[in-house]
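A.B. asks: Below: one structure in structure tokens.
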Amino acid sequence: MTMHVEQDEDLIRNTEHRRIDALVQANVTKAQPFHADDFQLIIPIGIALTRDEYLGAIAVGRLRYHVWEPLDIAVRLYGANAAIRYRARLQVTFEGHALPPAAYWHTDTYERREDRWLVVWSQATMIAQDQPMP
């Protein structure tokens, strides 16, 4: 693996951690620059949200992350594109309903645009309760 690839992988992991921190803090101003204008999130129940819908829900408190603890983030680079995948423990309140802590798979695609890595697509999938976290 070349030094450039390792640096990009580390930068993407760091970007994802900073994005998560901003989302847990409900700091939309801090979170927005990590998301591409055409960002789309597929939530665990299959609904697609645009960047503005997603960040707007966080801004008004309709969506609140209490805990988002990612494990090791695997990165696959494809030139100016990257895919990441990791397991995480989340505790979320959505539309006033507190969901119990649960394990989720996260898969995200990043693109390098104007010399920055931005998340473009994101999908979260709940892990069945009988599948332990590693």
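The values are calculated or read from the model by the stated rules, or taken from the named source; none is laboratory data. Note that the structure is predicted; figures quoted are calculated from it, not measured. Counting neighbours? That spans all protein chains shown, and the Cβs are built from the backbone with ideal geometry, glycine included.
A.B. asks: Give me the pairs, please: first residue somewhere in segment 5-28 and more than 25 Å from G56 (Cβ to Cβ), second residue anywhere and of a type in the set (G, A, S) and surrounded by 14 or more Cβ atoms within 10 Å (Cβ to Cβ), beta-carbon distance under 6 Å, and either six or more positions apart or on two chains.
C.D. replies: I12/A82
Here is a yes/no grid of residues against (1) over 13 Å from the mean Cα position of the chain (by Cα); (2) modelled with pLDDT of 95 or more; (3) farther than 28 Å from E6 by Cα; (4) among the hydroxyl-bearing types (S, T, Y):
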site: L41; (1), (2), (3), (4): no, yes, no, no
site: P44; (1), (2), (3), (4): no, no, yes, no
site: R51; (1), (2), (3), (4): no, yes, yes, no
site: I58; (1), (2), (3), (4): yes, yes, yes, no
site: H66; (1), (2), (3), (4): yes, yes, yes, no
site: A88; (1), (2), (3), (4): no, yes, no, no
site: V92; (1), (2), (3), (4): yes, no, yes, no
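A.B. asks: Residues being at pLDDT 95 or above and either buried (at least 17 other Cβ atoms within 10 Å of the Cβ) or of a type in the set (S, T, N, Q) (or both): count how many of those fall in segment 112-134.
C.D. replies: Going through segment 112-134 one residue at a time, the tally reaches 7.
A.B. asks: Would you mention how many residues in segment 44-85 are without any contact (Cβ under 8 Å) to a residue 24 or more places away in the chain, closer than 18 Å to R13 by Cβ and not in a loop (DSSP other than H, G, I, E, B)?
C.D. replies: Number of matching residues: 5.
A.B. asks: Could you tell me which numbered condition G96 fails, if it satisfies all but one of (1) under 15 Å from the mean Cα position of the chain (by Cα); (2) of a type outside the set (A, V, I, L, M, F, W, C); (3) surrounded by fewer than 17 Cβ atoms within 10 Å (Cβ to Cβ)?
C.D. replies: Unmet condition: (1).
A.B. asks: Follow-up. Looking only at segment 33-70, filter to residues that are surrounded by fewer than 16 Cβ atoms within 10 Å (Cβ to Cβ) and of a type in the set (G, A, S); which one of those is farthest from Q123 (Cα to Cα)?
C.D. replies: Once the filter is applied, the top-ranked residue is G61.
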